[in-house]
Amino acid sequence: MIQHHPGEELLLPLAAGRLSAGQALVVSVHLEGCAECRARLHTLQALGGALLEQAEPAALEAGAWERALRRIDHPAPVPAPVVPMPAAHPALPDGVPWPASLGGCRVTAWRWMGPGMRYARIGMPHDPAAALFLLRIGEGRSLPRHTHGGVELTQVLCGTFDDGRAVFGPGDFDAADEAVHHQPVVQPGATCVCLAYVGARMRFDGRIASLIGDWIGM
């Protein structure tokens, strides 16, 4: 059972097409496994469409109609569609499916970030600057205690962690910001793999953790 979901502050801009690409990707992975949030998103999209139909008409800019007609008569050349090659990705634990929303992304192999901890960097074709990571942390291991320079979104793919605020299991979603100071600890039973968006550099308590974070770009 999924216990933690993205809030309206994320679903509303996603429904309106205004959520940043990196954040939208993490929320989309959550939606793949959460029928409740898919229904909420569809409701928000329907409400947005209804509000748009009720909006007062706005006058077009001078010459807008003529420009539209010229574009119809002389359309711009359409480039040949690019069919993306299947993206290679690092192995996940047995039985854990690869998220469909990550299709087409460039994903590195697993890289060392500490004893029992690995990370992979995710590159989005249309937003290469987005700081997206897969984190794979063994049971009993923990990330160093830290806070955040901006918003951090986390989607749990498998395993369970407890950060002192709540326990997050498979399918759960977490949003943290500068007000959250925590240390996620993976619970016994399974390796934990999470997809994370880091809006600004994490602020680790320890010097060594800060150096590793700078090296990783997290």
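For the stretch 8-73, the direction-averaged projected area of the alpha-carbon convex hull comes to 6.8 nm². Note on TRP215 and ALA62: the model spin-label points, each 7 Å out from Cα along the C-beta direction, lie 6.3 nm apart. Placing pseudo-labels 7 Å out from each Cα toward the beta carbon at TRP98 and GLU178 gives an inter-label distance of 3.9 nm.
When the Cα atoms of the stretch 165-218 are aligned to their principal axes, the ranges along those axes come out at 30, 23, 18 Å in descending order.
A P(r) calculated from all alpha carbon pairs of the chain, with 5 Å bins opening at zero, reads 1, 6, 12, 16, 17, 15, 10, 7, 5, 4, 3, 2, 1, 0 percent.
Of the trypsin sites (Lys or Arg not before Pro) in the stretch 149-209, which ones lie in a loop per DSSP and count no more than 13 other C-beta atoms within 10 Å?
Taking the stretch 149-209 and a limit of 13 other Cβ atoms within 10 Å, the loop trypsin sites (Lys or Arg not before Pro) found are ARG165.
Here is the P(r) of the stretch 104-218: all C-alpha pair distances, binned every 5 Å from 0, give 2, 12, 21, 28, 22, 11, 3, 0 in whole percents. Quick one: of the DSSP bridges fully inside the stretch 101-216, what percent are antiparallel, nearest 5? Antiparallel bridges make up about 100 percent of those DSSP assigns within the stretch 101-216. Against the chain, whose longest principal axis comes from its Cα atoms, helix 207-216 is set at around 40 degrees.
If R₀ is 35 angstrom, what is the calculated FRET efficiency for the pair ALA190 and GLU8, using the beta carbon separation as r and rounding to 0.05? E(calc), rounded to 0.05, equals 0.65. The label point for GLU139 and the one for ALA46, both projected 7 Å from the Cα toward the Cβ, are 4.3 nm apart.
For the stretch 92-165, the equivalent ellipsoid built from the Cα gyration tensor has semi-axes of 21, 17, 13 Å, listed from largest to smallest. Working from Cα pairs under 8 Å separated by at least six residues, relative contact order for the chain is 21 percent.
Ordering of 12-21, 184-193 by packing is 184-193, 12-21, highest average first (other Cβ atoms within 10 Å, averaged per residue).
Averaging the Cα positions of each part gives two centres, and for the stretch 91-142 and the stretch 147-218 these lie 13 Å apart.
Throughout, read-outs are computed from the coordinates displayed, never taken from laboratory work. This structure is a prediction, so every number in the text was calculated from the model and none was measured. All Cβ positions, glycine included, derive from the backbone under ideal geometry; neighbour counts span all protein chains shown.
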